């Protein structure tokens, strides 16, 4: 029996051709007969986004200035960043509404979804992956998901699956800058071609189906087919990238740091790789997670494990050691900003076109408190040099910042998770 014998379409309607089948989306013609019909890259230099997320937080009173606005005195952690004061904004008194769970809230860092609060809720797409979904086809790698150690990351697909992180700078260098053998390139092309031309195979069925539908359903089906064509276009781009030589850089392949406790050394090395990835336009969206070492970091004056120090219980000796570690983390982040600012691009520099976010799921690691998250935002063409101080007791929704970041990379949206507007007080240049 023909799929088109009835004016009312079966909910399981599929298009078939040459041994393949493709399900069509739900259409109003699949309703009962009495139901009413349903209503219904430019040439600008690219904008980019990098997140650096911490698993063990930062001491709020050592990071956040006492004064709000532009005339603040630098906090202990920000003294080393005074020369680039106008390149970043300090944001305090913010958190993700409804997100609790202490360490489990790492899953919510870039999704703002309270998935980790109960331990079993389904997560949603992360900020970096939403950017990559819509804009990532302009580069060889739609996004990079990185970590200082292990495979955990705050990056999630739209189905709620965590994307495993790459923690080896040397393997990342190979992935970015060393051409694959010709045999591997041919295999990549074959894999891509296998996923193409499905629409061509089912085109006759599609045309017949279109003729049986009302205007609303035709529009909906056209949108669906357009998305399939867009997927084919992306696959064609993937084939082109597979055959295109990778960029060459004047830097040797790095040697991975074997000491898992050299937290700062690993941060510096991966930050250099991130700068190279951006400079060569290999990708435009990067998440980098520094989960937190359990051992003793090789920093003078530190003789206790980092994780233990973060759970200081107000012990002054532990706090002093923790400050030494966190001062280095923030200073290393600051050097990354300087390196981006020193890298020219299209008559500008990488920092001015790259939004760089530093944050953590823990506002107070010692008590596992997810409120008052530490937040620094740099670059991206925002008007910086200020401390946006929100209410420490009634936190401002951090997802509003995510809306600002989405708009800055070129996505016209007014919502992300519980965020329903851009961030108050954060303006574009």
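Bear in mind that the values in this text are calculations on the coordinates, not laboratory data. What you see is a predicted model; the values in this text were computed from it and never measured. Cβ atoms come from the backbone with ideal geometry, glycine included; neighbour counts cover every protein chain shown.
Per 0.36 nm of contour for each residue apart, how much would the distance between residue 346 and residue 44 grow if the chain were fully extended, relative to their Cα-Cα spacing? Please report the intermediate quantities before stating the final value.
Details: separation 302, 0.36 × 302 = 108.72 nm, distance 0.96 nm.
Extra length from residue 346 to residue 44 when fully extended: 107.8 nm.
May I ask you to derive the FRET efficiency for residue 159 and residue 304 from their Cβ-Cβ distance with R0 = 45 Å, giving the value to the nearest 0.05?
On the way: r = 41 Å, r/R0 = 0.90.
For residue 159 and residue 304, the calculated efficiency is 0.65.
I'd like to compare 373-383, 355-365: which one has the highest average count of other Cβ atoms within 10 Å, and what's the full order after that?
On the way: 373-383: 22.5, 355-365: 24.1.
So the order, starting with the most tightly packed, is 355-365, 373-383.
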